[in-house]
Amino acid sequence: MFRKPGNWFNEEVGEAKSRAACRNASDAMKPLIVICSDDAEFYLILSHVLAVDGFTSALASNVNEMLELATELAVHALLLDCQPDNQMAESCGRLRQDARTSALPVVALIAPGAESQHIALLKSGIDEAFVRPLAPAKLLDYLRSRLGVDRHSGSRLETALSLNHGDIEMQIDSHHVRCNGREIELGPIEFKLLRHMLENPGKVLSREELIGAAWPNNVHVGPRTVDVHISRLRRSIKLSSHRDVIRTVRLGGYALQDRTA
């Protein structure tokens, strides 16, 4: 894809920031998506796709600008334009470590030739990754589902999406989890695993099903990786609840204990 020269790109960045800062009341009701890219043409196309579906967007050329925007504006999700000549996994790692962006969904859009970054992105804590070219509907469906956006009005649902089981409480849209009244810190994979368990309490979930829930686009994850992340999740919950709420089913998988057990 054609990349604009430096001056043009800098002007595009400035205009995008101005538009984001001057959002009117109507736009403020729409989820704001920050796109990190050094390709202004790609940003213009993607911002148009988002706008048609009821989102607003802002452009950042690097991770520092993304953090600045997250300080100034109510950002709802971050998109990373992963090219062969950049290393967005490092940027994702910084976003995960910063309090301003640690709870925000981070999505990688992997360009042809940059597929080798996929593993590094997963390790850095990416929430979702799409290999381009992709159907825009897949990205839009993910953002709507993750952010709780009404498909018809384009605005966020007033009631935060939440799941509860026993003394575990999960706020899906803000990525907060409380156990026994205490906030617990979970990585993105553990969060996805727990969410799937909370959506299926008491059901024995096979490792293959859990892989589909936490790594939907990665065919290289094996059963042992699931065991490692379940162990981390179990340990995090046990520190607060002082009991093991995840049951291991031999040759079957894992299940969230019935709250009366």
Residue under evaluation Asp141, criteria (1) in contact (Cβ under 8 Å) with a residue 12 or more places away in the chain; (2) under 26 Å from Glu190 (Cα atoms), criterion not met: (1)
Residues of region 36-71 satisfying the condition of being under 22 Å from Arg144 (Cβ atoms) and among the β-branched types (Val, Ile, Thr): Ile45, Val49, Val52, Thr56
Of all the residues that make up region 113-130, how many are closer than 17 Å to Ile189 by Cβ, free of Cβ contacts under 8 Å to residues at least 60 places away in the same chain and touching a strand residue (DSSP E or B) at 6+ places or on another chain (Cβ under 8 Å)? 1
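Can you spot a residue in region 203-218 that is part of a helix (DSSP H, G or I), of a type in the set (Phe, Trp, Tyr) and not assigned by TED's automatic domain parsing to the domain that holds Glu128?
Of the residues in region 203-218, the ones part of a helix (DSSP H, G or I) are 207-214.
This time we only want the ones that are of a type in the set (Phe, Trp, Tyr), so: none.
Checked against the condition, which is being part of a helix (DSSP H, G or I), of a type in the set (Phe, Trp, Tyr) and not assigned by TED's automatic domain parsing to the domain that holds Glu128, region 203-218 yields no hits at all.
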Result of the Cβ filter at 9 Å on region 61-82, keeping first residues that are outside the structural domain of Ala120 (by TED's automatic domain parsing) and partners that are crowded, with 20+ Cβ neighbours inside 10 Å and outside any strand (DSSP E or B), at least 6 apart or interchain, is none
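Taking the conditions exactly as written (surrounded by 14 or more Cβ atoms within 10 Å (Cβ to Cβ), more than 16 Å from Gly187 (Cβ to Cβ) and either in the same structural domain as Gly181 (by TED's automatic domain parsing) or not hydroxyl-bearing (Ser, Thr, Tyr) (or both)), does Pro223 satisfy them or not?
Values: surrounded by 14 or more Cβ atoms within 10 Å (Cβ to Cβ): no; more than 16 Å from Gly187 (Cβ to Cβ): yes; either in the same structural domain as Gly181 (by TED's automatic domain parsing) or not hydroxyl-bearing (Ser, Thr, Tyr) (or both): yes.
Answer is no for this residue.
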Identity of the residue in region 54-86, part of a helix (DSSP H, G or I) and at pLDDT 90 or above, that ends up surrounded by the most Cβ atoms within 10 Å (Cβ to Cβ): Met66
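State whether the residues of region 83-90 include one that is in contact with an Asp or Glu (Cβ under 6 Å, 6 or more places away or on another chain) and within 16 Å of Pro105 (Cα to Cα).
Of the residues in region 83-90, the ones in contact with an Asp or Glu (Cβ under 6 Å, 6 or more places away or on another chain) are none.
Within region 83-90, none of the residues are in contact with an Asp or Glu (Cβ under 6 Å, 6 or more places away or on another chain) and within 16 Å of Pro105 (Cα to Cα).
Could you list, in sequence order, all residues of region 93-144 that are among the aromatic types (Phe, Trp, Tyr) and touching a Lys or Arg at 6+ places or on another chain (Cβ under 9 Å)? Step through it out loud before you land on a result.
Step one: list which residues in region 93-144 are among the aromatic types (Phe, Trp, Tyr), which gives 130, 142.
Result: Phe130, single match.
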Could you grab me the full set of residues in region 97-122 that are in contact with a helix residue (DSSP H, G or I) (Cβ under 7 Å, 6 or more places away or on another chain) and surrounded by fewer than 19 Cβ atoms within 10 Å (Cβ to Cβ)? Asp98, Arg100, Ser102, Ala120
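The values are calculated or read from the model by the stated rules, or taken from the named source; none is laboratory data. This one's a predicted model, so the numbers in the text were calculated from it and none came from an experiment. Backbone-built Cβ (ideal geometry, glycine too); neighbour counts: all protein chains shown.
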